[in-house]
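Let me begin by presenting the structure, written as structure tokens, before commenting on it.
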Amino acid sequence: MPVDATSAVEEVYRSDWGRIVAALIGLVGDFELAEEAAQEAFTVAVEQWRESGIPEFPRAWIIQTARNKAIDRIRRRQRYQEKLETYVADGLLRTVEEPNYVFDEIPDDRLRLIFTCCHPALSMDAQVGLTLRTLCGLETDEIARAFLVPPTTMAQRLVRAKRKIRDAGIPYAVPDTSELTPRLEAVLTVIYLIFNEGYAATRGALVRTDLCAEAIRLGRLVRALMSPQPPAEATALVALMLLHDARRPARVDEAGDIVILEEQDRSRWNKEQIAEALPMVEEAVRAGPAPFTLQAAISALHCQAARPEDTDWAQIVQLYDELERLQPSPIVSLNRAVAVAMASGPAPALEIVEKIAASGELDDYHLLHATRADLLRRMGSGEESARSYRRALALATNESERRFLQRRLQQVQAANFYVGT
């Protein structure tokens, strides 16, 4: 834990926002009240921790302070007693049994929150966006960027979703087994998006191991809830996350800079996780093609290749063809283009990328421009490549990615200089 109070608060916010909000929603039963109280507690922490020092259990301190702030807010409302009685009657506010704030984990509060957010009464976008906001602490503009909509639109969706949960009395609980299936697609999607934010963080270090580990834990828990025969997609998702996470030790160097897949030291990959995941992929594949199953099969091919040149890119392209058929999206098409480039060269891949660019759907997505820049670089189109690298740099927010793009831009510019002399 940092000595500086401000840094300590920032670290707790970054690592524990989801746990804190999940605990508070369980205590007060109101998304907006929980978030407002949490924000207020973090503000108080900056001042108090400077004077009294950083507490032994920072997360517990924030939860307790936020709970007190939430109660204060309820008291300030003229209908406090009526509100309090309603909360107690509904089981939303605990008056006798207090949680143990010192526990390292608050058991299953985050999974309860996911199932609450993923209620069928909410739209899929609202389900996913609300979970990313409450569990990952992503800002509204970051979530809006993921959905390719204006921040104001996403903000309205989140407000409506939270109020619908409150007004409809949607329970803060893991539903019965019979009610799991209608929510499964959304639950698996948000778990994977939590993992993605950990695997390639919006800001800060490239990898947030806390989010990756939490997503894998939640995926395992969902799979266990649906035993003895969990759905193939739940199995595939756990396998997919394990395979991606297995490559984590080799993805950055000692300076925190990105190491691209073909340059990674594969001896550093987590062999135990790969060995655990591969049978799960086979199990999911036997159930037939599905989005997470196909992605897991693609990742398995990467992990089974002892050397980059051993990768079966032709089969990966075929799997992307099937994934694009089942789940058409510009992101899938962009990933397919990368595979086509490895299997057949940059020219046919660039044709795919240019079609995606022409649609305008990914104009603000830095990886579109980074992919285009790399393909142009490989084809010797230095000036066009440099323009795309600059565009990618303008959009990228993660410092590791920005450093990588800056290095590639400098390499292209240097090559252009020597060609012109």
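The values are calculated or read from the model by the stated rules, or taken from the named source; none is laboratory data. Keep in mind that what you see is a predicted model, and the values were worked out from it rather than measured. Glycine gets a Cβ as well: all are built from the backbone with ideal geometry, and neighbour counts include every protein chain shown. Just so you know, the surface numbers come from the protein's heavy atoms only, side chains and all, with ligands and any DNA or RNA stripped out. Shrake-Rupley method; radii C 1.70, N 1.55, O 1.52, S 1.80 Å.
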When every residue in segment 54-85 that is modelled with pLDDT of 85 or more and part of a loop (DSSP other than H, G, I, E, B) is compared, the one nearest to ALA8 (Cα to Cα) is ILE54
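Every residue, every condition in (1) of a type outside the set (Val, Ile, Thr); (2) farther than 22 Å from GLU262 by Cβ, yes or no:
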{"position": "LEU334", "(1), (2)": "yes, no"}
{"position": "ALA343", "(1), (2)": "yes, no"}
{"position": "ILE356", "(1), (2)": "no, yes"}
{"position": "TYR365", "(1), (2)": "yes, yes"}
{"position": "SER381", "(1), (2)": "yes, no"}
{"position": "ALA415", "(1), (2)": "yes, no"}
Considering segment 309-320 alone, what residues qualify as being in contact with a Leu (Cβ under 7 Å, 6 or more places away or on another chain) and closer than 19 Å to ILE260 by Cβ? THR311, ASP312, ILE316
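From the list ALA287, ALA337, ALA305, ALA314, which residue is within 30 Å of ALA234 (Cα to Cα) and touching a residue at least 40 places away in the same chain (Cβ under 8 Å)? Don't jump to the end; show me each part of the working.
Working: ALA337 fails: touching a residue at least 40 places away in the same chain (Cβ under 8 Å); ALA305 fails: touching a residue at least 40 places away in the same chain (Cβ under 8 Å); ALA314 fails: touching a residue at least 40 places away in the same chain (Cβ under 8 Å).
From the options ALA287, ALA337, ALA305, ALA314, the qualifying one is ALA287.
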Write out, first by first residue and then by second, each pair whose Cβ atoms fall under 6 Å of each other, whose residues are 6+ apart or on separate chains, and whose first residue, in segment 228-244, is more than 19 Å from GLN304 (Cβ to Cβ) and in contact (Cβ under 8 Å) with a residue 60 or more places away in the chain while the second is in a loop (DSSP other than H, G, I, E, B) and open to solvent by less than 30 Å² (accessible area, probe 1.4 Å). GLU233/ALA290
How many residues are open to solvent by less than 20 Å² (accessible area, probe 1.4 Å) and either over 23 Å from the mean Cα position of the chain (by Cα) or touching a residue at least 60 places away in the same chain (Cβ under 8 Å) (or both) if we restrict to segment 351-368? 3
Note on segment 208-223: residues of a type in the set (A, V, I, L, M, F, W, C) and modelled with pLDDT of 85 or more are CYS212, ALA213, ALA215, ILE216, LEU218, LEU221, VAL222
Restricting to segment 167-196, what's the tally of residues that are touching a Leu at 6+ places or on another chain (Cβ under 9 Å) and either at pLDDT below 80 or open to solvent by less than 20 Å² (accessible area, probe 1.4 Å) (or both)? 12
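Please enumerate the residues belonging to segment 27-41 that are farther than 15 Å from THR131 by Cβ and open to solvent by 10 Å² or more (accessible area, probe 1.4 Å).
Looking only at segment 27-41, we keep the residues that are farther than 15 Å from THR131 by Cβ, and these are 27-30, 32-33, 36-41.
If the condition is that a residue be farther than 15 Å from THR131 by Cβ and open to solvent by 10 Å² or more (accessible area, probe 1.4 Å), then GLY29, ASP30, GLU32, GLU36, GLN39, GLU40 are the ones that fit.
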